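Data block below; observations after.
The values are calculated or read from the model by the stated rules, or taken from the named source; none is laboratory data. Quantities reported herein were computed from a predicted structural model and do not represent experimental measurements. All Cβ positions, even for glycine, are placed from backbone atoms using ideal geometry, and neighbour counts span all protein chains on display. Note: accessible area is taken over every heavy atom of the protein model, side chains too, but ligands, DNA and RNA are not part of it. Shrake-Rupley method; radii C 1.70, N 1.55, O 1.52, S 1.80 Å.
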Amino acid sequence: MTEPLFFKASSGLTVGEIATLTGAEPLGEARLDLRITGVAPIDLAGPTDLAFADKPKFAAQLATTRAGACLVSPRLKDVACARSVRLLAKQPYGAFVTVARAMFPDALRPSSLFAAQGVGPGAFVHASARLESGVIIDPGAMIGPGAEIGAGTAIGANAVIGPQVRIGRQCAVGPGASVTHALIGDRVIIHPGARVGQDGFGYVRGANGHVKVPQLGRVIIQDDVEIGANTTIDRGGGRDTVIGEGSKIDNLVQIGHNVSIGRHCIVVSQTGISGSTVVEDYVVLGGQVGLADHLTIGTGAMLAARAGVITDVPPGARWGGFPAGPAREWLRGAALLRQMVEDRGAPAGGGTDSEDEGRE
């Protein structure tokens, strides 16, 4: 059985073309005509691959790498490299990504898994739905009445697009995803299994139990947003749930009703954002962050993984812990607690309390 290649092979770039594309400087007697057709980690790269080394800990691997070319940081420019052309870059990883994007554009967004063109067999498109040219609908997908889908967008197998939903151009909706009560901009990626536009979690306590609050808002997703697999975004209750331009949301994130996320935010996996919270522009939420409802997270704030936030966060702040507070205070408190435990040591006599009680 041959090893499958899941992305279309690149025709490659010469070392000279890579230098021009990235602004990197060839070092020594570089072979500018050497053609590079792949990218790989420095320890796995072969003679036609590009690798990168940006930290001193990679010096030994750089010296022995089989990579055809390697982007190196100024700290590593003097490391001898017998088999690889070295390219000096201020930010080697950033340059590496630039080359990878140029070589493998098909890896940047999901495409049809059925190699479908147009509406695939077994897809269900309502007669009143409107599809622009170049839309791909994989088998089993359902497009509801009045939905509109822009040119070049791909809808994966068994995905559901609800009535009156608007999806822009050059988008991708992954297999098994559902999108209802939503307006979506251009170049948006929604990965498999994501849920967009379902009811928000709203109830009023009553004498006979919990009374459901109608959720009458929408989900607004602006241009260039990416939503990870199995993430859920509830539609608004009285106002809209909004995801701002360029924001990237990881897998398994829960976003409650009426939440507003600003532009170019990062939300890492297993984060939960409670209803009506406002996350301003350029905020970073680490993994498993929890935000209580009706908060404001200021522009540029960064919250460490597992932070539990119950108060507003000022713009530009760096917070962590639970209850979350300034990161330095949190780390200082953790260090003091650890020191207290170490200072306490074992109980007098070397035994434990339970052992002493047993002897009595």
Quiz item: Hey, does region 315-329 have a residue that's assigned to a strand (DSSP E or B), under 20 Å from LYS248 (Cα atoms), without any contact (Cβ under 8 Å) to a residue 60 or more places away in the chain and not aromatic (Phe, Trp, Tyr)?
Solution: yes
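Looking at ARG83, ARG31, ARG66, can you tell me which residue is touching a Pro at 6+ places or on another chain (Cβ under 8 Å), over 24 Å from LEU108 (Cα atoms) and at pLDDT below 95? Full working, then the answer.
Details: ARG31 fails: touching a Pro at 6+ places or on another chain (Cβ under 8 Å); ARG66 fails: at pLDDT below 95.
Of the residues listed, the single one that is touching a Pro at 6+ places or on another chain (Cβ under 8 Å), over 24 Å from LEU108 (Cα atoms) and at pLDDT below 95 is ARG83.
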Quiz item: Cβ-Cβ below 7 Å, separation at least six or inter-chain, first residue in region 167-186 and under 20 Å from GLY217 (Cβ atoms) and open to solvent by 30 Å² or more (accessible area, probe 1.4 Å), second assigned to a loop (DSSP other than H, G, I, E, B) and not aliphatic (A, V, I, L, M): which pairs?
Solution: THR180/GLY162; THR180/GLY197; THR180/GLN198; HIS181/GLY162; HIS181/GLY197; HIS181/ARG218; HIS181/ARG235; LEU183/ARG218
Quiz item: LEU216: part of a loop (DSSP other than H, G, I, E, B), within 25 Å of the chain's Cα centre (by Cα) and among the aliphatic types (A, V, I, L, M), yes or no?
Solution: no
Exercise. For region 81-89, state whether one or more residues are open to solvent by 10 Å² or more (accessible area, probe 1.4 Å), among the basic types (Lys, Arg), in a helix (DSSP H, G or I) and out of contact with any strand residue (DSSP E or B) (no Cβ under 7 Å at 6 or more places or on another chain).
Key: no
Quiz item: Which ones in region 219-259 are within 26 Å of PRO163 (Cβ to Cβ) and in contact (Cβ under 8 Å) with a residue 60 or more places away in the chain?
Solution: GLU245
Exercise. Filter region 187-197 down to residues that are assigned to a loop (DSSP other than H, G, I, E, B), more than 16 Å from ASP234 (Cα to Cα) and open to solvent by less than 20 Å² (accessible area, probe 1.4 Å), then give me how many there are.
Key: 1
Practice problem: Go through region 302-315 and count every residue that is open to solvent by less than 50 Å² (accessible area, probe 1.4 Å) and over 21 Å from SER276 (Cα atoms). | Solution: 1
Quiz prompt | Failed item, numbered, when GLY162 is tested on (1) over 16 Å from ILE220 (Cα atoms); (2) of a type outside the set (Ser, Thr, Tyr); (3) surrounded by fewer than 21 Cβ atoms within 10 Å (Cβ to Cβ) | solution = (1)
Practice problem: Using the structure shown, decide if GLY238 is among the small types (Gly, Ala, Ser), open to solvent by less than 30 Å² (accessible area, probe 1.4 Å) and in a loop (DSSP other than H, G, I, E, B). | Solution: no
Practice problem: Would you be able to say whether some residue in region 14-22 is touching a strand residue (DSSP E or B) at 6+ places or on another chain (Cβ under 6 Å), closer than 22 Å to ASP106 by Cα and charged (D, E, K, R)? | Solution: no
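Quick check, is VAL211 outside any loop (DSSP other than H, G, I, E, B), open to solvent by 50 Å² or more (accessible area, probe 1.4 Å), of a type in the set (A, V, I, L, M, F, W, C) and free of Cβ contacts under 8 Å to residues at least 40 places away in the same chain? It would help to see each step written out before you state the result.
Values: outside any loop (DSSP other than H, G, I, E, B): yes; open to solvent by 50 Å² or more (accessible area, probe 1.4 Å): yes; of a type in the set (A, V, I, L, M, F, W, C): yes; free of Cβ contacts under 8 Å to residues at least 40 places away in the same chain: yes.
Yes, satisfied.
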Exercise. Within region 247-265, identify whether any single residue is touching a Lys or Arg at 6+ places or on another chain (Cβ under 6 Å) and closer than 26 Å to VAL309 by Cα, and answer yes or no.
Key: yes
Self-check item: Lone qualifier among ALA107, ALA115 - being assigned to a helix (DSSP H, G or I) and of a type in the set (A, V, I, L, M, F, W, C)
Solution: ALA107
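Check region 74-89 and report whether any residue there is under 26 Å from PHE58 (Cβ atoms) and within 20 Å of the chain's Cα centre (by Cα).
no
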Quiz item: Residue check, ALA19 against (1) assigned to a loop (DSSP other than H, G, I, E, B); (2) at pLDDT 95 or above, all met but one. Which one?
Solution: (1)
Quiz prompt | When residues of region 21-67 are limited to those that are over 29 Å from the mean Cα position of the chain (by Cα) and within 15 Å of ALA100 (Cα to Cα), the one most open to solvent (accessible area, probe 1.4 Å) | solution = ARG35
Exercise. Six or more apart or on different chains, Cβ under 8 Å: which pairs go from a residue in region 260-276 that's in contact (Cβ under 8 Å) with a residue 60 or more places away in the chain and under 18 Å from GLY197 (Cβ atoms) to one that's open to solvent by less than 30 Å² (accessible area, probe 1.4 Å) and among the acidic types (Asp, Glu)? Could you list them?
Key: GLY275/ASP234
